[in-house]
C-alpha cells in the first residue's frame, strides 16, 4: 500500500465536509462520536473503500459509506461524490435544536440603542430642545 492510498479517518471526514476543521473531526473521534461497526474509532484509523461509519456532528447523525478516498478538501459538489449517505430516514427526522448556538452575544443590526442620527430625528420630532 503506498502513502497516497493511506488516509486517516479524521482527514477523510474533514475533506468530505462533515466537519469544518480537521481538529473538530479528530475531537469527534476522540469523544466517541465516530463509530465503525459499533466500535469507537481513533483519529488515526485508516479508511478503506466500502467502510461504513456512524458519525454524530453538531447538526445531525450521519451514516456514510466510503465510495472513494479524498485526500484534499474540495468544493461540496465534488466532495459528495466520495461517500454515500445511507442514513436511515427516521434518523433524518430528528432535528437537534441548540439555542445556544444561535446566540452570539452581538446585537442585531438596526436593533437596540438608537444612533446619534436617530436621537436627533427623535428630538426634532418630539420638539424637545433641552434633551
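Taking the conditions exactly as written (at pLDDT below 90, out of contact with any strand residue (DSSP E or B) (no Cβ under 8 Å at 6 or more places or on another chain) and in a loop (DSSP other than H, G, I, E, B)), does residue 1 satisfy them or not?
For residue 1, the condition - at pLDDT below 90, out of contact with any strand residue (DSSP E or B) (no Cβ under 8 Å at 6 or more places or on another chain) and in a loop (DSSP other than H, G, I, E, B) - is met.
Just need a number here: residues in segment 27-59 that are outside any loop (DSSP other than H, G, I, E, B) and more than 9 Å from residue 13 (Cβ to Cβ).
10
Please go through segment 71-84 and give me each residue that is under 15 Å from residue 8 (Cβ atoms) and part of a helix (DSSP H, G or I), ordered by number.
Correct list: 82 only.
Hey, does segment 72-81 have a residue that's surrounded by 10 or more Cβ atoms within 10 Å (Cβ to Cβ), touching a strand residue (DSSP E or B) at 6+ places or on another chain (Cβ under 9 Å) and modelled with pLDDT under 95?
no
Count, please, the residues in segment 33-49 that happen to be closer than 25 Å to residue 89 by Cβ, loosely packed, with under 13 Cβ neighbours inside 10 Å and either in contact with a helix residue (DSSP H, G or I) (Cβ under 8 Å, 6 or more places away or on another chain) or modelled with pLDDT of 95 or more (or both).
Number of matching residues: 0.
Checking the structure you have, find out if any residue of segment 85-108 is surrounded by 12 or more Cβ atoms within 10 Å (Cβ to Cβ), in a loop (DSSP other than H, G, I, E, B), at pLDDT below 95 and in contact with a helix residue (DSSP H, G or I) (Cβ under 9 Å, 6 or more places away or on another chain).
The answer is no; no qualifying residue exists.
Looking at this structure, is residue 8 touching a helix residue (DSSP H, G or I) at 6+ places or on another chain (Cβ under 8 Å) and buried (at least 16 other Cβ atoms within 10 Å of the Cβ)?
It is false that residue 8 is touching a helix residue (DSSP H, G or I) at 6+ places or on another chain (Cβ under 8 Å) and buried (at least 16 other Cβ atoms within 10 Å of the Cβ).
The values are calculated or read from the model by the stated rules, or taken from the named source; none is laboratory data. Here the structure is a predicted model, which means the values were calculated and not measured. Note that each Cβ is placed from the backbone with ideal geometry, even for glycine, and that neighbours are counted across all protein chains shown.
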